[in-house]
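**Student:** Encoded as structure tokens, here's the structure I'll be asking about.
The values are calculated or read from the model by the stated rules, or taken from the named source; none is laboratory data. Quick caveat, the model's predicted, so the values are computed rather than measured. Neighbour counts are summed over all protein chains in view; Cβ atoms, including those assigned to glycine, are modelled from backbone coordinates with ideal geometry. Calculation scope for accessible area: heavy atoms of the full protein, side chains included, ligands and nucleic acids excluded. Shrake-Rupley method; radii C 1.70, N 1.55, O 1.52, S 1.80 Å.
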Amino acid sequence: MKTKKILALCTLMVCVWSFAAVAQEGEETALDRIRWLQGPGTGQLGKMAEVYVPEGYVFADGYDTRVLMEAMQNPTSGNELGFLAARTSEWFLVFEFDEVGYIKDDEKNSLDAEAMLESIIAGNEAGNKVRAERGWAELKIVGWQQVPRYNPTTNNLEWAIQGESDGKPLVNWNTRLLGRQGVMKVTLVTAPEALEETLPYFNDLIAGFTYTEGNRYAEYRQGDKVAKYGLTALVVGGATAVAAKTGLLKYLWKFLAVGVLAAGAFLKKLFGRKKPEKEQA
């Protein structure tokens, strides 16, 4: 007898969806096989970076992060390196790394939030057509929750977009941590009404992030690979947003779809299935 489990959650492009577990009764599913690292400890983000996992938090590696994202009906990029969550919370972080080279921050004083939002909205229209083909709910971009801002001391770029799906609000808080070889994408997944309460915890976790020796932004050396785009392109499209210079930003819908947002219901269901007792090897 097949067991159907319905998980209500809110993704970047989907506010509510149903997740059906296809395993036979008594069989272990992919979600049951997640290799959780329980804090306190250090989560390895590939060879590029690491993040401190406090007590009460759990961490999954890149492979298991992709399993989780697929379960949430989020297209995966192949660049996922980690998933970090507090077992008692209703929010989590997803880490992805784009090895695109050193991204110059010479646009730090000329970020045009209005122009970037127009590009994101145009790209989202194309994305909704594809989501409709997959039977996923459409997303409406409402506006900025936080306009893009860059910290030249930490080399962190962050912004947040307000969206709406099935009449329900959602928010995507994005952080980009610049490194010598590329950029670490960190997406905070939380309910809009919980954002302000969640941000202090999120900031503490980001403070526990570090690039490994030789991969820090300040360790750039002449001759290193340099990215073909800057800070603006990070916001509106990521790696292929070199199209920013050719007027093709409106076609970058798929990079929005790769972003991740989900409601706390998923974590409750996930950790309710089986306590994270396994640790990464």
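**Student:** What FRET efficiency comes out for the pair VAL147/GLU196, r = Cβ-Cβ distance, R0 = 22 Å, nearest 0.05?
**Tutor:** 0.85
**Student:** Please list, ordered by chain and number, the residues whose modelled amide H lies under 5 Å from the amide H of GLY179; skip anything fewer than 5 residues away on the same chain.
**Tutor:** Long-range HN contacts for GLY179: ILE103, MET184.
**Student:** Any idea how far apart LYS268 and ALA115 come out in nm if each label point goes 7 Å out from Cα toward Cβ?
**Tutor:** In this crude spin-label approximation the distance works out to 4.5 nm.
**Student:** Per 0.36 nm of contour for each residue apart, how much would the distance between ARG35 and GLN222 grow if the chain were fully extended, relative to their Cα-Cα spacing?
**Tutor:** 63.3 nm
**Student:** Could you do me a favour and compute the accessible area per residue for the stretch 27-110, 1.4 Å probe, result in Å²?
**Tutor:** 42 Å²
**Student:** Can you flag which of LYS47/LYS104; LYS140/LYS268; LYS47/LYS185; LYS129/LYS185 are past 19 Å Cα-Cα?
**Tutor:** LYS47/LYS104; LYS140/LYS268; LYS129/LYS185
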